[in-house]
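The block underneath contains the structure these notes are about, expressed in structure tokens.
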Amino acid sequence: MNRASLKRSKILHMALMGTSDPSGEAEASHEKPFVLRALQIALVVSLYWVTSISMVFLNKYLLDSPSLRLDTPIFVTFYQCLVTALLCKGLSSLATCCPGTMDFPTLRLDLRVARSILPLSVVFIGMITFNNLCLKYVGVAFYNVGRSLTTVFNVLLSYLLLKQTTSFYALLACSIIIGGFWLGVDQEGAEGTLSWTGTLFGVLASLCVSLNAIYTKKVLPAVDGSIWRLTFYNNINACVLFLPLLLLLGELPALYNFPQLGSAHFWGMMTLGGLFGFAIGYVTGLQIKFTSPLTHNVSGTAKACAQTVLAVLYYEETKSFLWWMSNMMVLGGSSAYTWVRGWEMKKIQEEPRPKEEEKSNVEV
């Protein structure tokens, strides 16, 4: 029973950390029939797609709906962080009160840990805020192109901060992404729907996503490598830091004068947005667990394509051939970069190390 418990904890840890265990996957594939495993993968991928796409459309409604007319993007982001923090604490309490029902770490607020994570929390706030502001000012159809430079910033920051070089083929994939981004901006301008403010927020969101990944690796030891603890502290810090922003930007008076402030529908949609924000982290871990990090990236790219098509159909928009080409360039460049990096990592793992073996033989 202890072995089974340890195995479940190990699998969940790998899922949340975005790593895979080949031996574990192989063992699981032998234990379960192919049809059952294929059905599980299909259900998990579908759950990821539905959660991610629903979250984008719901946030667009909360941030820029003509029927809602709520101009408080910082408050919407603050409330989603609050819901996530409360959910983390609630699940932690449930796991403590009813051991064995679920696997969730114990969460206790430690001010020293909160302070050590503060630099990451600032980047985290920038990431979620700029994401929402980008979505507020641009259409859902252009949203993926508007914040498509994350991969480019990953390469740039890896070189500037970590002194890591990138292969020619990976740089070529990045150039395709940049070309698709500029073509998309040009086509949005030609159609008269370009928002330079939204595009700028999209670029800043891409930068913050890259910085978030780098800082996350640095601060994970402070929370014992637990993604859930990091999520809890990040959202607690964000709630505190958002309060002065709400005052400075004058969103509290705007919220006070909001006609639907007492509407159950409004608070239900706000809470649902927070639930989706919490759930996306969990379903991302599930997808990685049942597939692999590489397959997760491919699934994310395909999801972005489906989301763009759905947005064009839902909002009854008409797009030019070059506009669609810009999306294909962004998605194709992202897929190519993922494939190249996966191929390079596989090649490194398969390379023999004869020099070390010879050295050990000489020493013996």
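Overview of results
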read-out	value
Condition broken by M329, with the remaining ones in (1) in contact with a Leu (Cβ under 8 Å, 6 or more places away or on another chain); (2) open to solvent by less than 40 Å² (accessible area, probe 1.4 Å) satisfied	(2)
Residue within segment 266-287 that is over 20 Å from V56 (Cβ atoms) and among the polar types (S, T, N, Q) present	no
Residue that is farthest from the chain's Cα centre (by Cα), among those in segment 155-170 that are within 12 Å of R341 (Cα to Cα) and either part of a helix (DSSP H, G or I) or aliphatic (A, V, I, L, M) (or both)	F168
Test: residue in segment 237-249 that is outside any helix (DSSP H, G or I) and open to solvent by 50 Å² or more (accessible area, probe 1.4 Å)	yes
Residues that are open to solvent by 50 Å² or more (accessible area, probe 1.4 Å) and touching a helix residue (DSSP H, G or I) at 6+ places or on another chain (Cβ under 9 Å), drawn from segment 214-235	Y215, K218, R229
Qualifying position, being without any contact (Cβ under 8 Å) to a residue 12 or more places away in the chain and of a type in the set (S, T, Y), among S65, S148	S65
Unmet criterion (only one of (1) at pLDDT 90 or above; (2) under 20 Å from L171 (Cα atoms); (3) not aliphatic (A, V, I, L, M)) for T301	(1)
Selection from segment 181-197 of residues that are surrounded by fewer than 23 Cβ atoms within 10 Å (Cβ to Cβ) and assigned to a helix (DSSP H, G or I)	W182, L183, V185, D186, Q187, G189, A190, W196, T197
Boolean, L161 is aliphatic (A, V, I, L, M), touching a helix residue (DSSP H, G or I) at 6+ places or on another chain (Cβ under 8 Å), surrounded by fewer than 21 Cβ atoms within 10 Å (Cβ to Cβ) and under 29 Å from R112 (Cα atoms)	yes
Test: residue in segment 263-272 that is assigned to a helix (DSSP H, G or I), touching a helix residue (DSSP H, G or I) at 6+ places or on another chain (Cβ under 6 Å), open to solvent by less than 70 Å² (accessible area, probe 1.4 Å) and among the small types (G, A, S)	no
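Quick grid of which residues meet (1) surrounded by fewer than 17 Cβ atoms within 10 Å (Cβ to Cβ); (2) of a type outside the set (V, I, T); (3) touching a strand residue (DSSP E or B) at 6+ places or on another chain (Cβ under 8 Å); (4) modelled with pLDDT of 90 or more:
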{"site": "E251", "(1), (2), (3), (4)": "no, yes, no, yes"}
{"site": "A279", "(1), (2), (3), (4)": "no, yes, no, yes"}
{"site": "L294", "(1), (2), (3), (4)": "no, yes, no, no"}
{"site": "T308", "(1), (2), (3), (4)": "no, no, no, yes"}
{"site": "E344", "(1), (2), (3), (4)": "yes, yes, no, no"}
{"site": "Q349", "(1), (2), (3), (4)": "yes, yes, no, no"}
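The values are calculated or read from the model by the stated rules, or taken from the named source; none is laboratory data. What you see is a predicted model; the values in this text were computed from it and never measured. Note: ideal-geometry Cβ built from the backbone for every residue, glycine included; neighbour counts use all protein chains shown. Remember, those area values only see protein heavy atoms, side chains included, never the ligands or the DNA or RNA. Shrake-Rupley method; radii C 1.70, N 1.55, O 1.52, S 1.80 Å.
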